[in-house]
Amino acid sequence: MMEKIKRIGVLTSGGDAPGMNPAVRAVVRTAMDFGIECIGIRRGWQGLINGDFVRLDGTSVGHILSRGGTILYTARSEEFMTEAGRKKAVATCRMLGLQGIVAIGGDGTFRGALELSRLGIPVVGIPATIDNDVGCTNYTIGFDTACNTAVECIDRLRDTMQSHERCSVVEVMGRNAGFLALYVGIAVGATAVLVPEHELDFQKDVVECIQNSRLAGNTHFMIVVAEGSGSAVDIGKRIHEAIGIEPRVTVLGHIQRGGSPSARDRETATRMGYYAVKAFAEGGGNVIVGTQEGSMVMLPIEEALQMKKHLQMDRYEIMQAMLLGRSSADTLTE
Ligand code: F6P
């Protein structure tokens, strides 16, 4: 019979995401409920290398449900990419008596988790990134909050664009994926959305959309660009060259990563944190927790890392179907 697990570590790694704190809280409180001690590792994998830890108990994670960012800090560790760095991390686990690690982050975090698990330290991953680009789960913690933040910002932009009858080009995050851009684009009624998953035909995807919208009577235009599909500044210049209007460019940047987590992110983070610890309590490990069609699933890390998630291109079509000026009936006639 497997020895009962007595102590685990929890860390957050990679880009932060609203909802990481509720996930940390859920891990700690669930661990206590199962009679497992929980040690917080600060600054992600680098903290594990450096032995940078903090003792956590039920009260130490009080009042963090509504806080953005991560109380454990986060980092991207070059040293952890090396065998020597990972061996130091294993030494820290042995020194602290950690029988498993809950790692909260994105794909990069989980690639590190896989390497650590190969050195004999079991890891359970919780997906948290505003990009929502982890293949093994429909949803990553932080995505909903980031969408809402971007929508709120763009609604404000729309007010001033409408008053001045201008075109706005707004860049949202998403280095490799257009989930954020497309969801937000639909939610703000964008004139065009540029995502890395769709090869850009500038004339068709941008110029004609603006022209059709103008012919249908619109005098302001909102172009949403995912960071991974090009720079908003360049898109703005190209629009100017092609149509002669002078767009105003806004890069939302890290604003999108901050803020109090939404109800959806708090609730999802709490469920994921619970299932992560339950996996250890039941003698499991080396899995990533995820959601598939509303239910929690756990997949072996290696398998999970090979899974690909595709942007639902029907959403791209839906976004375009909402545009004015696509049908001749919309177009103003004399
Ligand atoms: O959190 C993921 C992400 O938001 C990407 O979309 C973005 O490119 C990246 O983080 C930027 O992170 P940082 O500036 O912290 O390196």
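Coordinate-derived values only; no laboratory data. Computed from a predicted structure; not experimentally measured. So basically every Cβ, Gly included, is an ideal-geometry build from the backbone, and we count neighbours across all protein chains shown.
At a glance:
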| item | result |
| --- | --- |
| Of the trypsin sites (Lys or Arg not before Pro) in segment 1-54, those whose Cβ has at most 15 other Cβ within 10 Å and which sit in DSSP loop | 4, 6 |
| Residues 33, 201, sorted so that the one with the fewest Cβ neighbours within 10 Å comes first | 201, 33 |
| Residues with amide H under 5 Å from that of residue 291, placed H, sequence gap 5 or more | 138, 139, 297 |
| Low-density loop cleavage sites - GluC sites (Glu not before Pro) in segment 68-121, where at most 10 other Cβ are within 10 Å (DSSP) | 78 |
| Summed side-chain charge close to residue 153 - residues other than residue 153 whose Cβ falls under 13 Å, Lys, Arg +1, Asp, Glu -1 | -1 |
| Theoretical ellipticity at 222 nm over the chain - DSSP helices of four or more residues, -39500 (n - 2.57) apiece, nearest 500 | -12500 deg cm²/dmol |
| Distance violations [Cα-Cα > 30 Å] among 278/308; 237/308; 88/309; 4/88; 4/308 | 237/308; 88/309; 4/308 |
| Between segment 2-63 and segment 264-310, the Cα center-to-center distance that results, in Å | 16 Å |
| Residues with amide H under 5 Å from that of residue 101, placed H, sequence gap 5 or more | 9, 123, 124 |
| Qualifying aspartates and glutamates (Cα of each under 13 Å from Cα of residue 87; at least 8 residues distant if same chain) | 79, 115 |
| Cα pair count fraction exceeding 20 Å, expressed as % - segment 144-257 | 32 percent |
| Ranked 114, 119, criterion: other C-beta atoms within 10 Å, fewest first | 119, 114 |
| Charge dipole of the chain about the Cα centre (unit charges at C-beta), most positive-ward option of 210, 306, 49 | 49 |
| Hull volume in cubic angstrom per residue (convex hull over the Cα atoms of the chain) | 130 Å³ |
| Degrees between helix 263-281 axis and first principal axis of the chain (Cα, 0 to 90, nearest 10) | 30 degrees |
